[in-house]
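Presented below is the structure to which this report refers.
The values are calculated or read from the model by the stated rules, or taken from the named source; none is laboratory data. All values derive from a computational prediction rather than experimental measurement. Neighbour counts run over all protein chains shown; Cβ positions are idealised from the backbone, glycine included.
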Amino acid sequence: MREMRDADPRALGLKGRLPPFVLGFLAASFQIYLLREFNASFAGNELSFGLFLGSWLFWGGIGSFVKPRGRPEVVARRVARLYGLAFALFGLGLAGLRFSHKLLGVLPAELTGLVPALGFAFALSLLVSFPLGHGFVLNARLLDGDVAAVYTLESAGAAAAGLIVHFLLIPALSNWQGAALVGSAASAVVLVAMKPARWRFLLVTVLALAAGLSLIDVPAQRAAWKPLRLVETVDTPYGKLQVIRTGEQVTFFDNGLSVFSHPDIGAAEETVHFALLQRQGQRRVLLIGGGASGGAAEALKHPGVRVDCVELDPAVIRLAGRHLQPRDRAALDDPRVRVFHSDGRTFLARAAALYDAVLLSLPEPATAQVNRYYTREFFEEVREKLAPRGVFSFAVPSAENYLSETLRQFLSSLAATLRGVFREVLAVPGGNCVFLASDGALTIDPGRLSAAIASLGLDLRYVSPGMLPARLHPARVKELEDALSAPDARINRDLVPVSYYFHSVLWAARFGGLEARLLRAAGKVARAWMLDIALLAFALGLAFLAVFKKRSPARFLVPMAVMGFTTMAVELAVFIVFQARFGFVYGKIPLLLAAFMAGLVVGSLAGRARRRPKEAAELAVVQGAFVIWLLLTTGSLSGAGGEPVLFILLSGFGALGGYLFVMANRGLLGLTAHLGLGYGVDLLASFAGVILATWLVIPLFGIPALIWRLTILNALCFLYLI
């Protein structure tokens, strides 16, 4: 059998077309699984999401700048071996994430701040994304410099990975099992097809690594959680659920964040009783989250109550049935309780009957995903489903006595948002601040609440006549009310998630350091300085290039950079819009990614089909199409038309981006022989789009402001091209 070192890459069995496809497949699947594990290790919110995705794009771009050296047969051999190496480094990255807290010297599930998360994100991406980015250039060399073909095939592989991971692997396998399967299968296909030297040894090594990952998944999790005791873990389409037992208490974690502990009688009592004590004879209660943590059992203490519990992830109820005390398991099986597995907002919007009380028992808005339950739009939906004089309630972490400025801003934003919807809003001071809202009268007078408790014969431990006078002392209530009445409080909206920003500042403030100072400083910068001055500087730079650098590579690099920046920022914005309008996005990310990548394939194929294009003229046309598509996007933010509209939007941006890349790169290669230059600029601009969108523009100014600035950015590039 002839070894690869003697082969001409153009004479390979698959003519070199298979490796670029597998490259895209590996890159997308590795990215999905690393992101899922990264979120579980670093209490994943959109800041950590942006850190990881930005780091991935950054090192991928740097890797594509490295020029391949050697004869074509040497490059072919390197391509084949690269896939096995990438899979091995991917496994090392998964292990590093699994034991990240031990490497940092902190307890499992202890918050670590953004700086350690940034360090891990950059280290992981250097390990995995850098070689994959270099693989793009190697594949282009393997195909005699046909960058457009590599780009098309890589995009097709990424689209296939999104579909397979979403529909087949995530529902059936754990993260490590799915990662082992896709990584080993893709690497094996390339090794068998291209047969580099010692390919059998490499194949056995890859398969052994995959088997090892699958077998040690749960034991590795147990080892990572020590000295705590992990009793059960499951990966679901919604996240990674883990159950920790400490003595008689069990704590449920979802993606590294503590969802609830049991027994936690105080939290369960304040979730339920401050609201239900407001009215006598409340019958229909909606409990969003918290049913498994004792909320349902507490609500059933009130005579005549019937409870609808809504829990997004069915696995939460299944795990609760195996690990909770009999009393709380019995509450979920009580005929007065109905359990629905649905997104809370979707369930509320479709509910036909009105509720006497709606109790929200979810974590605080630490992510844009949870923030959608604390926005004006959601509060309006709650108000529509409340019976006359019905009560809405939720609790968020606070402080017993002193409110820092950051905590005051966070709580004030929630209070102001509630007051914009309900006539009456009260706040209960304490370690958790309990908000009550209604269009009828409310009271937190300890005497009246105690009388209601006595008349109902309730046996309570924390929301009790003995505890209420101290917690609801008039001086404490007045101090909290004054703190939450600040005139500078901002309204929290679905598409302008300011409470999520304030909570991010609050989170970063726990660790001090650079991240807290940067987030606070960003919140003080006016929109004009942060966004509009940047656009003005960009316009001046384009004017300089148009006058003095007419025939430079910038003519093609600028639209590629604008395309990368725009498509990635829009992709993140669509993720958040999808979450806000239609429910959880965590499990839909692979499918949304596949839609975008499918568009890239269509656009790049259309670009390659143009035999004698006039690159400059066609670039201007495509850039103008970007402006039109962005204008259409602004009209789709309401969610009108349902989920398909957002998939169509992403596919459209992908098609435009794919066509533009092929046209611009064709013109660029007429000026430079660097095969990876355009691809690297695309990825680095995408890195900038991720960081700015997730860290600054969306949480501070909202998605509409982002889309409008992107429209102006692309309009400026259009003017530059014509």
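Structure data summary
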read-out: Residue that is under 22 Å from SER413 (Cα atoms), modelled with pLDDT under 90 and among the aliphatic types (A, V, I, L, M), where the choices are LEU514, LEU518, LEU484; value: LEU518
read-out: Cross-chain or 6+ apart pairs with Cβ under 9 Å, region 404-425 first and over 19 Å from SER438 (Cβ atoms) and part of a loop (DSSP other than H, G, I, E, B), then of a type in the set (Gly, Ala, Ser) and modelled with pLDDT under 95; value: SER404/ALA509
read-out: For ILE648: the one exception among (1) β-branched (Val, Ile, Thr); (2) assigned to a helix (DSSP H, G or I); (3) under 16 Å from ALA148 (Cβ atoms); value: (3)
read-out: The lone exception for SER464 - which of (1) assigned to a helix (DSSP H, G or I); (2) farther than 30 Å from PHE578 by Cα it fails; value: (1)
read-out: Residue match in region 527-548 (condition: of a type in the set (D, E, K, R), in a helix (DSSP H, G or I) and either out of contact with any helix residue (DSSP H, G or I) (no Cβ under 9 Å at 6 or more places or on another chain) or over 30 Å from ALA156 (Cα atoms) (or both)); value: yes
read-out: Some residue of region 108-118 being in contact (Cβ under 8 Å) with a residue 40 or more places away in the chain, part of a helix (DSSP H, G or I) and among the β-branched types (Val, Ile, Thr); value: yes
read-out: Checking TYR402 against (1) hydroxyl-bearing (Ser, Thr, Tyr); (2) at pLDDT 95 or above; (3) more than 28 Å from the chain's Cα centre (by Cα), the condition it does not meet; value: (2)
read-out: Matching residues, region 67-93, being in contact with a helix residue (DSSP H, G or I) (Cβ under 6 Å, 6 or more places away or on another chain) and modelled with pLDDT of 90 or more; value: LEU89, PHE90, GLY91, GLY93
read-out: Only listed residue being buried (at least 21 other Cβ atoms within 10 Å of the Cβ) and either touching a Leu at 6+ places or on another chain (Cβ under 9 Å) or within 19 Å of LEU458 (Cα to Cα) (or both), chosen from ALA368, ALA315, ALA292, ALA351; value: ALA292
read-out: Failed condition for ILE648, given (1) within 12 Å of MET560 (Cα to Cα); (2) out of contact with any Asp or Glu (no Cβ under 8 Å at 6 or more places or on another chain); (3) free of Cβ contacts under 8 Å to residues at least 60 places away in the same chain; value: (1)
read-out: One residue from VAL558, VAL577, VAL477 being among the hydrophobic types (A, V, I, L, M, F, W, C), surrounded by 14 or more Cβ atoms within 10 Å (Cβ to Cβ) and within 24 Å of the chain's Cα centre (by Cα); value: VAL577
read-out: Single residue of region 334-348 satisfying the filter (basic (Lys, Arg) and outside any loop (DSSP other than H, G, I, E, B)) that is surrounded by the most Cβ atoms within 10 Å (Cβ to Cβ); value: ARG345
read-out: Residue within region 204-219 that is at pLDDT below 90, buried (at least 19 other Cβ atoms within 10 Å of the Cβ), over 30 Å from LEU107 (Cα atoms) and in contact with a Phe, Trp or Tyr (Cβ under 9 Å, 6 or more places away or on another chain) present; value: yes
read-out: Among residues of region 141-156, those that are at negative phi, in contact (Cβ under 8 Å) with a residue 60 or more places away in the chain and surrounded by fewer than 24 Cβ atoms within 10 Å (Cβ to Cβ), counted; value: 4
read-out: Matching residues in region 619-649 - criterion: being crowded, with 22+ Cβ neighbours inside 10 Å, farther than 14 Å from LEU713 by Cα and not aliphatic (A, V, I, L, M); value: THR633
read-out: From the options ALA655, ALA693, ALA715, residue that is part of a helix (DSSP H, G or I), more than 19 Å from the chain's Cα centre (by Cα), assigned by TED's automatic domain parsing to the domain that holds MET563 and buried (at least 24 other Cβ atoms within 10 Å of the Cβ); value: ALA655
read-out: ALA353 of a type in the set (A, V, I, L, M, F, W, C) and either assigned to a strand (DSSP E or B) or within 30 Å of GLY247 (Cα to Cα) (or both); value: no
read-out: Test result for ALA331, more than 30 Å from HIS473 (Cβ to Cβ), modelled with pLDDT under 95 and assigned to a helix (DSSP H, G or I); value: yes
read-out: Options ALA80, ALA88: the member that is within 28 Å of the chain's Cα centre (by Cα) and under 29 Å from LEU169 (Cα atoms); value: ALA88
read-out: Residue check for SER125: farther than 30 Å from THR246 by Cα and hydroxyl-bearing (Ser, Thr, Tyr); value: yes
read-out: Residues satisfying the stated conditions in region 433-465, i.e. of a type in the set (S, T, N, Q), in contact (Cβ under 8 Å) with a residue 60 or more places away in the chain and buried (at least 18 other Cβ atoms within 10 Å of the Cβ); value: SER438
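One line per residue, one yes/no per condition, for (1) small (Gly, Ala, Ser); (2) part of a loop (DSSP other than H, G, I, E, B):
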position: ALA193; (1), (2): yes, no
position: LEU213; (1), (2): no, no
position: PRO227; (1), (2): no, yes
position: LEU230; (1), (2): no, no
position: LYS240; (1), (2): no, no
position: PHE252; (1), (2): no, no
position: VAL259; (1), (2): no, no
